[in-house]
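The values are calculated or read from the model by the stated rules, or taken from the named source; none is laboratory data. All values derive from a computational prediction rather than experimental measurement. Positions of Cβ are generated from backbone atoms using ideal geometry, with glycine treated the same way; all protein chains shown enter the neighbour counts.
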Amino acid sequence: MRAAWLRAHAREGPDGGALNTVTLLPAAGGGAVTRIAICAKHVVDVARVKIDKETNEPILKGVGKKVSVADKNAMEEALRLKDAVGGAQLVVYTVGTPDAKDSLKELLAMGADKAVILTPSVPLSQLDSLATATILADAMRADGVPQIIVCGDASEDDTSSQVGPRLAEALGISNVSIALKTTGHTDRVEVSRDSGNGTITIDARFPTLITVTEETNKPRLPNIMQIMAATKKPVELRGPETLPSLQHPPVGLVPVRVVALPSDRKGIILKDLPAAEMAQRVVADLKKAGLIGGD
Amino acid sequence: MVLAVFAEEEKWGKELLAGARALAPGLKGGKVLFLNIGPDGARKDPAALLSAGADEVIDVALPLKAFKVEEYTDAVVAAVAGCDLKLLLVPATKNGRDVAARVAQRLQVGCSTDTVALRASHGSLEVDRAVLGGSALATLRFAKLPAVATVPSGVFEPKGGHQGTAKRTMEVTTDARNAAIIGIAPQAAGGVRLEDAKVVVAAGRGLKKKEDLKLCDALAAAVGGEVGCTRPLSADLKWLSESHWIGLSGKRVRPKLYFAVGVSGQIQHVAGMRDSGTIVAINKDPDCPMFSNTDYGLVGDLYEIVPALVAAITAAKGR
Ligand SMILES: Cc1cc2nc3c(=O)[nH]c(=O)nc-3n(C[C@H](O)[C@H](O)[C@H](O)COP(=O)(O)OP(=O)(O)OC[C@H]3O[C@@H](n4cnc5c(N)ncnc54)[C@H](O)[C@@H]3O)c2cc1C
Ligand SMILES: Cc1cc2nc3c(=O)[nH]c(=O)nc-3n(C[C@H](O)[C@H](O)[C@H](O)COP(=O)(O)OP(=O)(O)OC[C@H]3O[C@@H](n4cnc5c(N)ncnc54)[C@H](O)[C@@H]3O)c2cc1C
């Protein structure tokens, strides 16, 4: 356990310079990879959120919860990498309340070996991604830093796109965000990523962290046997007493309020008219507004 | 006291410099730095940045062929080390979000993603950003400074005329963390810059086949715009490249005029085009969500309405 932590930190040489080699921990079975982790968030089902007409606030109470979509892609990619590297223990970590168990079952059915729920001393709404990533990093260090970590690029509800890269930073390891494709080897993974203006392929030695989107792969659907077997897989509940960062999460951003976005659109709806007539009416207005033909 | 901007894109960098200048008094900040980080050939002309609002441009050359988050993080952190940093602004791009998150973690501070408004007063900072798939706006406060924020294009207006003068070159030792770039493939041909388009015609699943995109091409040509699309057309059907994809997980656009053609208007799509000037939607379903976010809703078959629009626009221009 301790060795993995040391390994993650050993690269910060005394002069702050780059060290080029990482010695991998030999695993009992001879393979280099012993641990793979994914991080998953239990989120409100955004499509079901209604707006309170009085306060103009979204009503989150009572809305169903589910696994954030991209985390199923994270699970799928982790399973593929697990096959490619020749097997490893695959653990799902979540920072949440014990009811996250419902979401985790789906990931256990897909093929995770174990789930860990990390519950802080404060309400979840007070955590930002600094807190979440710090807690995840501390838990992973305590268990032994996984050689491969897969996260979603963005969660479905708050979409801050930070937990993945922050976790990598907290562990002192590399990260490749928005993976299009991964190719796992025993000691490294090749990841092509969408950089926004082209595709970059990165060769990342373990340990490394990868974030995925819904486009990265197609998550497998567990069969009934796997779903039943998942109920017997261990889900570890770890409370605030297990980590200082769960007891006193470091928080950088505090939510003040959330309101529904107003729509101040004209809302002129034309129907039951011939296409040409609707078109002419709209185009006349657009022309008046200087939006077409004004050059 | 210092505010800093890091941007890979010069245009965006100028917008953020204007933002940093506007926020400086409220943050009791002084100097505005531009962190000109990147490989040789990819860094920007300091003169342009100095007149856009930077008091000082810090040049950091990285021995890389493309963006890689570990080295960029080291460079940003090194460039602001030792100064009393109040705020770091970074474009809300794929690379920008990545580097902002790592820098914020290293500094042990908060980071607001896709920030659409920033308000500074008495040394504290409040921000707005879209959440819940783009249907709601969250206001958040930074518990302490420095603050890190990624900001979409168009939030600040670039300004010229600033008389910054200082230039500095910094050597930074970076740590690749055992990851290396082994391949670079530039964006596939057929890429568009929807962010800069004055008019966008967004195609949705209301189109029955790829060839029917011609309808949208014709409309775009008539209004001098670019064609974009919803996620399924790019991600699933691959009719158009990813650079056309508009929405929460695609591009944010804010053209003067936006046409939604056979687009249902799910919140994740609306998140990417909500700030458009005027919105015209064509859909055969009068109850589609797009119609509650539109200026003009034309209910009917797009195969009739789009050609009719093209004809009406052509006629209007001729007059
Ligand atoms: C209205 C509102 C706005 C917010 N805005 C911000 C903001 O701008 N910046 C900020 O730092 N925080 C913000 N937060 C806090 C944020 O919801 C939590 O910090 C959350 O734990 C992580 O952020 P995220 O959901 O945006 O995750 P993202 O970083 O978008 O998630 C990416 C991936 O990280 C992993 N992950 C995320 N959360 C967890 C978790 N709890 N457990 C395990 N894995 C996880 C998953 O793999 C996920 O796919 C906001 C909260 C609210 C209520
Ligand atoms: C986390 C997440 C992120 C997402 N990010 C994005 C994103 O960035 N961008 C995005 O676009 N989507 C995104 N989505 C998907 C989004 O939820 C919708 O599924 C998608 O936008 C729907 O695309 P569409 O409107 O083209 O198709 P549909 O929803 O299938 O709508 C087609 C519309 O065409 C109309 N139509 C059909 N035939 C005709 C006709 N002959 N004439 C006129 N109208 C016709 C129909 O009435 C319908 O309203 C995301 C989803 C999730 C969960």
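Examine segment A:117-126 for a residue that is among the small types (Gly, Ala, Ser), within 14 Å of chain B (Cβ to nearest Cβ) and surrounded by fewer than 21 Cβ atoms within 10 Å (Cβ to Cβ), and state whether such a residue exists. Yes, segment A:117-126 has at least one match. Residues that are in a loop (DSSP other than H, G, I, E, B) and touching a Lys or Arg at 6+ places or on another chain (Cβ under 8 Å) within segment A:44-100 comprise A:45, A:57, A:63, A:64, A:68, A:88, A:96, listed in sequence order.
Does at least one position in segment B:259-269 carry a residue that is in contact (Cβ under 8 Å) with a residue 12 or more places away in the chain, assigned to a helix (DSSP H, G or I) and more than 16 Å from ligand 1 (Cβ to nearest atom)? Yes; the residues of segment B:259-269 include at least one that is in contact (Cβ under 8 Å) with a residue 12 or more places away in the chain, assigned to a helix (DSSP H, G or I) and more than 16 Å from ligand 1 (Cβ to nearest atom). The strands (runs of 3 or more DSSP E) falling completely within segment B:107-175 that include 2 or more residues that are within 11 Å of chain A (Cβ to nearest Cβ) map to B:115-121, B:124-131, B:136-142, B:147-151.
Scanning segment A:56-78 for residues that are small (Gly, Ala, Ser), on the phi < 0 side of the Ramachandran plot and away from ligand 2 (no atom under 15 Å from the Cβ) yields a single hit, A:78.
If you check residue B:127 against the conditions, is it crowded, with 21+ Cβ neighbours inside 10 Å, in contact with a helix residue (DSSP H, G or I) (Cβ under 6 Å, 6 or more places away or on another chain) and on the phi < 0 side of the Ramachandran plot? No: the conditions fail for residue B:127. Taken as a whole, the structure places residue B:16 among residues that are at pLDDT 95 or above and either within 26 Å of residue B:272 (Cα to Cα) or not in a strand (DSSP E or B) (or both). In this entry, residue B:148 is excluded by the filter for residues that are buried (at least 20 other Cβ atoms within 10 Å of the Cβ), more than 16 Å from residue B:20 (Cα to Cα) and within 12 Å of ligand 1 (Cβ to nearest atom). Residue under question is residue A:255, and the condition is that it be more than 7 Å from chain B (Cβ to nearest Cβ), outside any helix (DSSP H, G or I) and closer than 30 Å to residue B:135 by Cα; does it hold? Criteria not met by residue A:255. Taken over segment B:275-295, residues that are over 17 Å from residue B:216 (Cα atoms) and either more than 7 Å from every other protein chain (Cβ to nearest Cβ) or part of a strand (DSSP E or B) (or both) amount to 9. Scanning segment A:48-80 for residues that are touching a Leu at 6+ places or on another chain (Cβ under 8 Å) and within 10 Å of chain B (Cβ to nearest Cβ), which turns out farthest from ligand 1 (Cβ to nearest atom)? Ranking the qualifying residues of segment A:48-80, first place goes to A:49. If only residues of segment B:253-272 that are within 9 Å of ligand 2 (Cβ to nearest atom) and more than 10 Å from chain A (Cβ to nearest Cβ) are counted, the one that is surrounded by the most Cβ atoms within 10 Å (Cβ to Cβ) is B:260. Filtering segment B:296-314 to residues that are aliphatic (A, V, I, L, M) and either at the interface with chain A (Cβ under 8 Å from one of its Cβ atoms) or not in a helix (DSSP H, G or I) (or both) leaves B:298, B:299, B:305, B:308, B:309, B:311, B:312, B:313. Given the structure, is residue A:164 near ligand 1 (Cβ under 8 Å from one of its atoms), closer than 27 Å to residue A:184 by Cα and either not basic (Lys, Arg) or not assigned by TED's automatic domain parsing to the domain that holds residue A:38 (or both)? Answer is yes for this residue. Within segment A:203-252, if we keep just the residues that are polar (S, T, N, Q) and within 14 Å of chain B (Cβ to nearest Cβ), the residue that is farthest from the chain's Cα centre (by Cα) turns out to be A:245.
Scanning segment B:207-229 for residues that are under 22 Å from the mean Cα position of the chain (by Cα), within 30 Å of residue B:102 (Cβ to Cβ) and either among the charged types (D, E, K, R) or away from ligand 2 (no atom under 14 Å from the Cβ) (or both) turns up nothing.
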